[in-house]
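Notes for the one structure printed next.
The values are calculated or read from the model by the stated rules, or taken from the named source; none is laboratory data. Please read all numbers here as calculations on a predicted model, not as lab measurements. Positions of Cβ are generated from backbone atoms using ideal geometry, with glycine treated the same way; all protein chains shown enter the neighbour counts. All accessible areas refer to the heavy atoms of the entire protein, side chains included, with ligands and DNA or RNA removed. Shrake-Rupley method; radii C 1.70, N 1.55, O 1.52, S 1.80 Å.
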Amino acid sequence: MNFEFTGILLRTADNKRSVSVEATTLAGALAELSDMFPSMGRVLLDNTGSLRKAHRVFLNGELVPHPDETMPLGDDDRIEFFTAVAGG
């Protein structure tokens, strides 16, 4: 599957907009990304290894309101993360 990155995640992916990984679940894909880009793992995952709530997951252009780490993924899937930005 392909992951597409913007913002802070783009920087943690060595400025690669798109990265392909082989995994069958969201958890497996997140583990692959964390291995490839350790700084991305710290941004995507909390201390328990779960996806941080600040990220919105889009699967093939559709928002996944409550992404489950056991969510199955296929070779042709495209995943995007949009990160909430706060400040003042």
Stretched fully, the stretch from residue 35 through residue 66 gains (0.36 nm per residue minus C-alpha distance, one decimal, in nm) 8.8 nm
Compute the normalised compactness of the range 14-62: alpha-carbon radius of gyration over 2.2 N^0.38 Å, N being the residue count. 1.13
For the chain, the accessible surface attributable to carbon and sulfur atoms (probe 1.4 angstrom, ligands and nucleic acids excluded) amounts in percent to 50
Placing +1 at every Lys and Arg Cβ and -1 at every Asp and Glu Cβ, with all other atoms neutral, what dipole size does the chain have around its Cα centre, in debye to the nearest 20? 500
Would you calculate the convex hull of the Cα atoms in the range 47-88 and tell me its volume per residue in Å³? 90
Kindly provide the helix-only [θ] at 222 nm of the chain, computed as the sum of -39,500 (n - 2.57) over DSSP H runs of four or more divided by all residues, to the nearest 500 deg cm²/dmol? -7500 deg cm²/dmol
Each label sits 7 Å from Cα toward the beta-carbon; between residue 15 and residue 50 the label points are separated, in nm, by 3.6
Projecting each Cα onto the charge dipole of the chain (Lys/Arg +1, Asp/Glu -1 at the beta carbon, about the Cα centre), which of 34, 2, 55 comes out farthest on the positive side? 55
For semi-axes √(5λ) of the Cα gyration tensor in Å, calculated from these coordinates, the label among [x] 44, 12, 10; [y] 48, 23, 8; [z] 18, 15, 14: [z]
